[in-house]
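Enquirer: Mind having a look at this structure? Questions to follow.
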Amino acid sequence: MLSKDIRKKFLKFFKSKKHTVVPSDSLVPKADATLLFTSAGMNQFKEQFLGHNVTYKKAASSQKCLRTADLENVGRTPSHHTFFEMLGNFSFGDYFKKEAILWGWEFMTKTLGIKKEKLWVSVYTDDDESYKIWRDLIKVPEKKIVKFGAKDNFWPANAPKDGPNGPCGPCSEIFYDWGKGTGCGKKACNPSCDCGRFIEVWNLVFTQFERKEGGKLGSLPNKNIDTGMGLERITAVMQGVKTNFETDLFTPIIEEIKEHNPKLKTRSLNAIADHVRAATFAIADGIAPSNEERGYVIRKLIRRAYLHAGAEEPFLYNLVPKVVEIMKEAYPELSSKREEASLIIKEEEEKFRHTLEVTMPILNENLNAAKGGSLSGEEIFKLTDTYGLPLEVIEDKASKKKIKLDISAFHKLMAKRRELSRKKSKIEGDIFALNLFAKAPAGTRSDKMPLSAKIAFMVKEKKEAGTAREGDVVELMTDPGSSMFYTESGGQIGDRGTIEADKGSMRILNTIKVDSKVVHLAKVTKGSITKGDFVKIDLDSKIKKRIARNHTATHLMHAALRKVLGEHVHQAGSLVVEDRLRFDFTHMKKMTDREIEKVESMVNEQIEKAVNVKKESKSLDIAKKEGAIALFGEKYADEVRVISIPGYSKEVCGGTHVDNTKDIGIFKIMRESSVASGVRRIEALTGERAKEWIKENERKKKDAEKALNEKEEEKALAKKKLKEAEGDIELIIKKAKVIKDVKIILEKIEGANMGILRSLSDKIKSKEKSCLIVLGSETEGRANLIVTGTKDLVSKGFNASVLIKDLAKIVAGKGGGRPNFAQAGGKDPSKLNKVFEFAEKSAAGIIEGVSK
């Protein structure tokens with residue numbers, strides 16, 4: 001059975017059980033900014049699991065996921081991956097254990113046709129209810145029902161003992177038995193054995209408890225179901241292969257890799273195939289390789305794959321079309337991202353190839369300098385984590401040089417890194433971390449402004465608060481709440497304003513939405529504010545208008561970029577605030593000055609045309625058919641808001657916009673830069689801020705031109721002074737004293753800078769075979785000195801840098817240089833005559849010394 005058919009059958013099966021089939025969320029979680037990546041099927045249903053926005057009570061999905069906690073195992077084991085698909089069915093207070101178990105068994109044995117004899121199950125040791133359902137209802141033999149403790153069969157693992165507090169519950173797993181011919185061969189072998197005979201294919205989580213302080217488990221009012229079955233694993237079972245890499249999800253990619261390098265080992269083949277899948281999907285979801293967070297992970301995966309490949313030239317990018325070919329039916333958006341993903345991966349390969357020219361010598365240096373013939377865990381960790389070298393590469397090189405590796409210490413550091421990674425992939429340590437605003441009353445809404453309301457709920461420093469005093473920053477809800485305040489979304493900051501009470505005042509810094517509730521982030525500017533206080537809320541309409549100008553300008557610029565650079569340009573991020581706008585977009589090359597000017601000109605042309613901005617509500621399907629741009633990976637309701645500048649731009653957007661393009665005033669791009677591979681950034685201004693910036697830029701330009709002119713004048717004056725001084729060279733030489741055929745030239749040159757003194761000394765040396773020169777001058781209240789000598793003196797031991805230090809002290813300065821030339825500056829030019837007196841006295845000793 002093909003993997004695509006398994007996916008279809010799963011979704012069709014649960015649709016028949018009245019589940020809503022929900023499309024996969026992006027790898028960048030839209031419902032939770034605290035997650036690094038979408039790492040489980042249930043991530044996108046956080047709100048529903050918390051009892052909010054429950055528009056459907058049963059759901060099923062095939063979710064694309066990305067995890068990196070077990071990166072070192074990818075390629076080593078049959079079933080570890082970075083990118084994978086999780087088939088799952090979910091219940092939000094609807095059905096529970098009986099239905100979940102019955103349907104799971106039905107799908108496995110009837111829909112997929114797996115023989116019952118090949119299946120084993122596990123239950124949590126205290127979960128008698130699940131045990132009885134498997135034994136009495138499903139008729140699984142008792143010997144094939146194994147009981148595990150909280151470490152293996154409770155979610156989160158060990159939650160009853162170790163926490164965290166919050167929703168939790170027992171698990172029940174379904175295992176496939178490869179048979180006695182696989183694994184350890186022991187008669188007592190069961191799913192608790194890790195010999196490879198048994199493979200876990202489906203995990204059913206029964207969220208029925210709420211853990212409280214002290215480890216007490218109380219019953220949840222609404223019990224939930226969260227199941228997960230790896231598509232790759234069940235495909236391996238259905239295709240009768242012992243590793244996921246032998247399934248139709250991977251074999252076409254691996255065959256393509258073999259064509260490029262038939263000598264690669266199985267582990268490398270598997271790792272490359274996995275990492276290229278992950279990179280392709282991540283880039284398609286807008287995650288570009290970079291040195292930060294998500295982008296860093298993708299960069300690391302591409303680099304690891306490149307090292308596994310052992311290629312001298314980029315070749316991973318050639319695998320992208322094969323990944324797209326395999327997955328495009330389930331994820332049609334991949335087709336439009338194929339070229340972009342290929343180009344970005346190729347660019348990363350080229351960058352890393354250059355990096356390796358530095359990295360491999362570092363590895364060799366570490367190995368050559370290994371103390372006691374061994375490399376520490378810290379050194380190994382740095383090589384893997386900082387430079388992206390896979391452990392096996394280090395092991396291979398170390399083995400050839402007979403260097404021992406402290407693998408134990410390395411694994412301890414990796415365990416710490418994995419723990420950090422796991423924490424980053426959870427919501428404050430727990431996907432069900434209860435939001436403090438969840439228990440706040442929803443209240444009512446009003447569109448009046450100013451609005452009379454009551455402080456209904458307040459949070460300070462992540463704790464519910466009763467009072468906030470001057471200087472405190474809090475999050476709060478009012479009743480009624482204001483529907484006039486825009487809540488932060490889509491890159492646009494939330495509205496700002498003021499809150500006035502009898503005993504205090506607040507400034508609203510931002511407005512956000514938490515569980516469909518309007519929440520203000522506010523700072524107490526005077527007195528105090530207490531929960532229950534009656535207040536007057538007012539919106540800062542001036543800031544709102546400035547934000548609207550910047551948001552509409554962003555749409556105009558997006559359209560202009562697509563017209564100038566091409567339709568491959570897509571939004572990759574944005575920030576819209578009152579004083580500026582920032583727009584990240586997909587494009588491989590730095591924009592030329594001409595392209596920037598053209599984009600800027602096109603936007604200003606639309607502003608000058610004074611076009612009315614259309615704001616309409618319509619179905620998402622109709623909007624897309626009309627050509628409206630919708631952000632890839634963004635979740636939209638069936639009914640959406642469409643912002644149009646007729647004949648020029650049309651986007652799905654819920655943000656704040658001007659009524660007419662003329663309201664923007666003027667548009668100015670400040671700078672264009674790189675954010676990550678294949679992602680550029682433009683920062684721009686509108687209205688008065690743009691005019692101010694242009695004015696300031698013109699002032700700076702004039703100042704720069706003035707400074708340049710002054711510099712040119714200084715150069716011309718210096719040139720004139722040099723010419724005048726050069727005219728006096730013969731006279732200067734004639735005034736020299738001679739000691740043992742060496743001319744001692746000591747001269748003060750009026751108004752000469754250091755450059756003139758240097759040039760003069762060179763001219764003198766070109767005329768005299770043997771001389772010692774000390775020249776000085778005064779410019780801008782400072783003393784300038786140079787000391788130099790001809791080659792014959794230097795060859796006999798003369799050192800200008802020694803003499804200059806003594807001379808510099810006289811003028812309260814410092815100096816230095818080389819044996820043949822040295823210079824110094826000083827604060828006291830009035831002592832220049834004493835400098836020459838000292839130099840004259842020293843000269844006799846110097847010449848005497850070098851003449852011996």
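The values are calculated or read from the model by the stated rules, or taken from the named source; none is laboratory data. What you see is a predicted model, and the numbers here were worked out from it, not measured in a lab. For neighbour counting, all protein chains shown are included, and Cβ atoms are generated from backbone atoms with ideal geometry for every residue, glycine included. When the accessible area is computed, the model is the full protein with side chains, heavy atoms only, and any ligands, DNA or RNA have been set aside. Shrake-Rupley method; radii C 1.70, N 1.55, O 1.52, S 1.80 Å.
Enquirer: For the stretch 759-837, with equal point scatterers placed on the C-alpha atoms only and solvent neglected, what are the log10 I(q)/I(0) values from the Debye formula at q = 0.18, 0.19 1/Å, to two decimals?
Expert: Summing over Cα pairs of the stretch 759-837 leads to -0.67, -0.74.
Enquirer: Efficiency by 1/(1 + (r/R0)^6): what FRET value for GLU333 and LYS110, r their Cβ-Cβ distance, R0 = 45 Å, to the nearest 0.05?
Expert: Taking R0 as 45 Å, the efficiency between GLU333 and LYS110 is 0.85.
Enquirer: Now for a separate question. What number, rounded to the nearest 500 deg cm²/dmol, is the helix-based mean residue ellipticity at 222 nm of the chain, given -39500 (n - 2.57) per DSSP H run of at least four residues and division by all its residues?
Expert: About -12000 deg cm²/dmol.
Enquirer: Using 18 Å as the cut-off for backbone N distance, which residues of the stretch 149-186 belong to the label zone defined by a point 7 Å from the Cα of GLU117 along Cα→Cβ?
Expert: The answer is 175-182, whose backbone nitrogens lie closer than 18 Å to the label point.
Enquirer: Angle between the Cα long axis of helix 293-309 and the longest principal axis of the chain, 0 to 90 degrees, nearest 10?
Expert: It works out to around 90 degrees.
Enquirer: In addition: Just tell me which aspartates and glutamates come within less than 17 Å, Cα to Cα, of LYS737; anything on the same chain fewer than 8 places away is out.
Expert: ASP728, GLU747, GLU768, GLU837, GLU840, GLU848
Enquirer: Evaluate the Kirkwood expression for the hydrodynamic radius of the stretch 270-429, namely the inverse of the mean inverse distance over all pairs of different C-alpha atoms, and round to one decimal in Å.
Expert: So the Kirkwood estimate lands at 17.0 Å.
Enquirer: Quick check: net charge around LYS97, other residues with Cβ under 9 Å of its Cβ, Lys/Arg +1 and Asp/Glu -1?
Expert: So the surrounding residues net to -1.
Enquirer: For the pair ASP728 and ALA157, what calculated FRET efficiency results from E = 1/(1 + (r/R0)^6), where r is the Cβ-Cβ distance and R0 = 60 Å, to the nearest 0.05?
Expert: After rounding to 0.05, the efficiency reads 0.10.
Enquirer: Let me ask something else about it. For the stretch 171-249, what is one quarter of the convex hull surface built on the Cα atoms, given in nm²?
Expert: For the stretch 171-249, the mean projected area of the Cα convex hull comes to 7.6 nm².
Enquirer: LYS187 to ALA442: FRET efficiency via 1/(1 + (r/R0)^6), r the Cβ-Cβ distance, R0 56 Å, to the nearest 0.05?
Expert: According to the calculation, E is roughly 0.40.
Enquirer: So how strong a dipole does the stretch 768-852 carry about its Cα centre when Lys and Arg Cβ are +1 and Asp and Glu Cβ are -1, to the nearest 20 debye?
Expert: 280
Enquirer: Moving to a separate point now. According to a simple spin-label model (label point 7 Å from Cα along Cα-to-Cβ), what is the distance in nm between ASP828 and ASP806?
Expert: 1.8
Enquirer: Continuing with the same structure: For the stretch 271-373, which GluC sites (Glu not before Pro) are both in a DSSP coil and crowded by at most 14 other Cβ atoms within 10 Å?
Expert: Within the stretch 271-373, the qualifying GluC sites (Glu not before Pro) (loop, at most 14 other Cβ atoms within 10 Å) are GLU292, GLU312, GLU329.
Enquirer: What percent of all Cα-Cα pairs in the stretch 233-362 falls into each 5 Å bin, going from 0 up to the bin containing the maximum distance?
Expert: Percent of pairs per bin, in order: 2, 11, 21, 22, 21, 14, 7, 2, 1, 0.
Enquirer: Which value results when the Cα radius of gyration for the stretch 11-166 is divided by 2.2 N^0.38 Å?
Expert: Dividing the Cα Rg of the stretch 11-166 by 2.2 N^0.38 Å gives 1.14.
Enquirer: Could I ask something else about it? Beyond 24 Å between alpha-carbons counts as too far, so tell me which of LYS110/LYS242; LYS12/LYS110; LYS4/LYS144 fall in that bin.
Expert: The answer is LYS4/LYS144.
Enquirer: Can you tell me the order of 812-824, 549-561 when each peptide is scored by its average per-residue count of other Cβ atoms within 10 angstrom, highest first?
Expert: 549-561, 812-824
Enquirer: Here's a follow-up. In nm, to one decimal, how far is the ASN364 label point from the ASP248 one, both placed 7 Å along Cα→Cβ?
Expert: Each label point is offset 7 Å from its Cα along the Cβ direction, giving 4.8 nm.
Enquirer: My understanding is that a pair violates if its Cα-Cα distance is over 23 Å; which of LYS598/LYS691; LYS30/LYS58; LYS743/LYS814; LYS8/LYS57; LYS212/LYS513; LYS625/LYS650 do that in this structure?
Expert: Long pairs (Cα-Cα over 23 Å): LYS743/LYS814; LYS212/LYS513.
Enquirer: Return the Cα extents of the stretch 725-770 along principal axes one, two and three, sorted largest first, each rounded to a whole Å.
Expert: Rounded to whole Å, the extents work out to 32, 17, 16 Å.
Enquirer: Roughly how many Å² is the accessible area per residue of the stretch 531-580, as a whole number, for a 1.4 Å probe?
Expert: 42
Enquirer: Once the cut-off is 13 Å, how many percent of the Cα-Cα pairs in the stretch 604-646 end up in the long-distance tail?
Expert: Roughly 59 percent, once rounded to a whole number.
Enquirer: Could you give log10 I(q)/I(0) at q = 0.18 Å⁻¹ for the stretch 295-348, computed by the Debye formula over C-alpha point scatterers of equal weight, without solvent?
Expert: At q = 0.18 Å⁻¹ the computed log10 ratios are -0.62.
Enquirer: Would you mind counting up the charge near ILE804? Only other residues with Cβ under 11 Å from its Cβ, with Lys and Arg at +1 and Asp and Glu at -1.
Expert: +3
Enquirer: How large, in Å, is the chain by the Kirkwood hydrodynamic radius built from its alpha-carbon pairs?
Expert: Hydrodynamic radius (Kirkwood, Cα pairs) of the chain is 33.2 Å.
Enquirer: Counting alpha carbon pairs within less than 8 Å and at least 6 residues apart, what relative contact order, in whole percent, applies to the chain?
Expert: 7
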